């Protein structure tokens, strides 16, 4: 198989979060074709995406091996810079020092307006932020997650109503969002999940009511003299937490199914070759 085919497989799997499978595909390509900067870059990115110290070390090794073959490869340089700037400078001072050298090299090689220069600017801008910038970014990310969860709840509710009417949602195939939605419908079926479906159908109101009840119960227990301090009211939040856990599990299950379908397609292509 040619390098472009391995590269395409890595790209497809990386896009849906199949990082372990990306590493497997990249290693298969390296085993068949020998050392290759592009495949080593994919291997490094698939390790770095795990955001764990052991994987970061493997990512750095892959990037360094790739740069030994192609020292001016912009993809490798930018990916390595991202890893260095993300690392803790106290724990890994060597990476921080290498990051400065990589940035200088990229400013020489990456032309203004290029995709690589945009990545460099984004990474260096992130690394140079202050606490206030971090706070604003965290708030924006939290708002985005809330909006995404609310949208998913609406989609799941609509899909559940369609399923109750006997309408088929169709085969999700390799569409990640469709696979996550199908998994959520599957996990929320049945009478025992009726309360969770109700909470997700009225998510904003359910959160407001849950918080109000939790605070009210805690205050009542303290005011009545039953307890001097109470957290028991927060037990009323368990159903809402269970509903959110179902959605997280659906996202994970949907991703796993899409990755499995992509791998199955790759295996069929290999068998037919």
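Read-outs: derived from the displayed coordinates by stated rules, not from any lab. None of these values were measured; they are calculated from a predicted model. Cβ sites come from the backbone with ideal geometry, for glycine too, and all protein chains shown count toward neighbours.
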Choice from 215, 160, 74 with maximal GNM fluctuation in the chain (Cα, 10 Å cutoff): 215
Structure-based [θ]222 nm, the chain - -39500 (n - 2.57) summed over DSSP H runs of at least 4, per residue, nearest 500: -26000 deg cm²/dmol
Relative contact order (percent, whole number), the chain, Cα cutoff 8 Å, 6+ residue spacing: 15 percent
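Can you figure out the FRET efficiency of residue 97 with residue 145, using R₀ = 30 Å and their beta-carbon distance, to the nearest 0.05? Kindly include the intermediate steps, with their values, before the conclusion.
On the way: r = 34 Å, r/R0 = 1.15.
Result of the calculation: an efficiency of 0.30.
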Packing-based order for 146-154, 252-260, using average beta carbon neighbours within 10 Å, highest first: 252-260, 146-154
Highest-MSF residue in the chain out of 21, 171, 116 [GNM, Cα springs under 10 Å]: 171
Gaussian network model of the chain, springs between alpha carbon atoms under 10 Å - residue of 166, 29, 75 with greatest fluctuation: 166
Mean separation of Cα contacts under 8 Å, 6 or more apart, over the residue count of the range 172-272: relative contact order %: 43 percent
Sorted by Cβ neighbour density within 10 Å, fewest at the top, the residues 65, 52: 52, 65
Whole-angstrom gap from the range 16-94 to the range 189-250, using each part's C-alpha centre: 43 Å
Separation of the residue 272 and residue 115 label points, Cα + 7 Å toward Cβ, nm: 2.7 nm
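Do you know the relative contact order of the range 1-119, to the nearest whole percent, from alpha carbon pairs under 8 angstrom that are 6+ apart?
Taking the mean separation of contacting Cα pairs over the length of the range 1-119, I get 17 percent.
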Scaled radius of gyration (Cα, divided by 2.2 N^0.38 Å) that the range 145-229 gives: 1.49
Angle between the chain longest axis and helix 93-109 axis [Cα atoms, degrees, rounded to 10]: 70 degrees
The range 18-110 - Rg (one decimal) and Dmax (whole number), Cα, Å: 12.8, 39
Mean shadow area of the chain over all directions, Cα convex hull, nm²: 20.6 nm²
